[in-house]
1. Among 101-114, 158-171, how do they line up from the highest to the lowest mean number of other beta-carbon atoms within 10 Å?
2. For the range 113-125, what does the Karplus curve 6.51 cos²θ - 1.76 cosθ + 1.60, with θ = phi - 60°, yield as ³J(HN,Hα) per residue in whole Hz, taken in order and with x for Gly and Pro?
3. If each DSSP helix of 4+ residues adds -39,500 (n - 2.57) and the sum is divided by the residues in the chain, what number results at 222 nm, nearest 500 deg cm²/dmol?
4. Taking the Cβ-Cβ separation of residue 280 and residue 61 as r and a Förster radius of 25 Å, what is the calculated FRET efficiency to the nearest 0.05?
5. Taking other Cβ within 10 Å of each residue's Cβ, how do 73, 46, 180, 310 sort, fewest first?
6. Need one word for the range 78-179: rounded, prolate or oblate. Basis is the Cα gyration tensor (sqrt eigenvalues a ≥ b ≥ c); a/c below 1.5 gives rounded, then a/b vs b/c decides.
7. Counting only other residues whose beta carbon sits under 14 Å from that of residue 197, what net charge do I get with K and R as +1, D and E as -1?
8. Using the Cα centre of the range 1-148 as origin and beta-carbon charges of +1 (Lys, Arg) and -1 (Asp, Glu), tell me which of 27, 120, 47 is placed farthest towards the positive end of the dipole.
Amino acid sequence: MLYDLHELQRSFLGPLAAFTDMSSVMFSHPYSPLSHTPLSRQIAATYELMHRLGKEYEKPAWGLHTTQIGGRTIAVTEHVAAQRPFCNLIHFRRQVPQTHKPDPRILLVAPLSGHHATLLRATVAELLPAHDVYVTDWVDARMVPKASGPFHLDDYVTYIQDFVRLLGPDVHVMAVCQPTAPVLAALSLMASAGETCLPRSMIMMGGPIDARESPTQVNRLATTKPYEWFRDNLIERVPVRYPGAGRNVYPGFLQHAGFIAMNPDRHMQSHYDFYLSLVQGDGQDAQAHRKFYDEYNAVLDMSAEFYLDTIRVVFQEYQLATGSWIVDGTRVDPSAIRSTALFTIEGELDDISGQGQTRAAHKLCSNLPDTMRKHYTAPNCGHYGIFAGRRWRELICPQISNFIREHG
């Protein structure tokens, strides 16, 4: 019912969003006579702010068409290397000369936690000059027909295993935030089975491997409510207008509301600053706001099975950390990993995954020698700063590149 009410609201806001968009242009375009009237900037800014608050945000494009290698501009094209009902494995193929020495191959596992994989655009852009990058591009569950079946956390683990086998033993796996736990589970199960196609290294960044460490507001929400509360209050059926009609999902708009509720004052100030930038003619700041919120406001639905499994397994029962996680009849045992180097990264100011939650992987991977493990806590760095922004570019990415080449 809530999903249907949301869609009804969207249908009412659609015409308003179109009207405010057109009105903003009329009061700001240099060839429009209305743009030369008194208060035209204030009026245009008001209309654009209303438009952006009321519009529907679609999945943004990756927009990574070139990269710089050795001082040269190299074309980049997207290719689907593997396709599953709930995920496409995207390869950012660089048009490098045949004489170019092969770069390390990275499987970048994007989070499935509300936003699209394009949230890692800056991550991919910084990796491209020196790495051959593949990314898990998760599909919006409302776009997956119900006939494709359910998608559980264990299925997520299986997807990762399939992609690792596809890319071969020379791959390096990099998990950002949510996927750290299922990626560590996937590699642990492969190691326990004696598979030879294990990656050279695994880079775990700001994720809840052991959510008992330094619990954040996100962790507390998951533990102060019983499992049944999440099942009864946050799960909705996809409306008939989508291919996944009838599928049970955790809707993206509810996840987005949760994101906003964590820091409402910060978002209100950001929108007010955007309005002032438009009035003052500061196009650079205004464009930066648009770029950020075009990505931040674009959300996807998660399958109900995956979401509820994650709440129970990762945040309520801590099954990975306590050694009680069973996948397809096999216990997940990270101590079985002996040949895959481990690099954990945390942000000092991370308010999503607290300090120690990712570092806990070292304790679980107890049979790795010290020469194959490393940890780094990025100073003055929040959650998103781990994989985007100046600290990511200048502090974190170079260390990842060095670690990958050291263990390549």
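Only the coordinates and a few stated rules stand behind these numbers; no lab work does. Here the structure is a predicted model, which means the values were calculated and not measured. Using ideal geometry, Cβ is built from the backbone for each residue, glycine included, and neighbour counts are taken over all protein chains shown.
1. Highest-to-lowest ranking by the protection proxy: 101-114, 158-171.
2. Per residue, the Karplus-derived 3J(HN,Hα) values read 9, x, 8, 6, 4, 5, 4, 9, 4, 5, 5, 5, 4 Hz.
3. -12000 deg cm²/dmol, from helical runs alone.
4. 0.25
5. So the residues, fewest neighbours to most, are 73, 46, 310, 180.
6. prolate
7. After counting each charged neighbour, the total is 0.
8. The listed residue farthest towards the positive side: 120.
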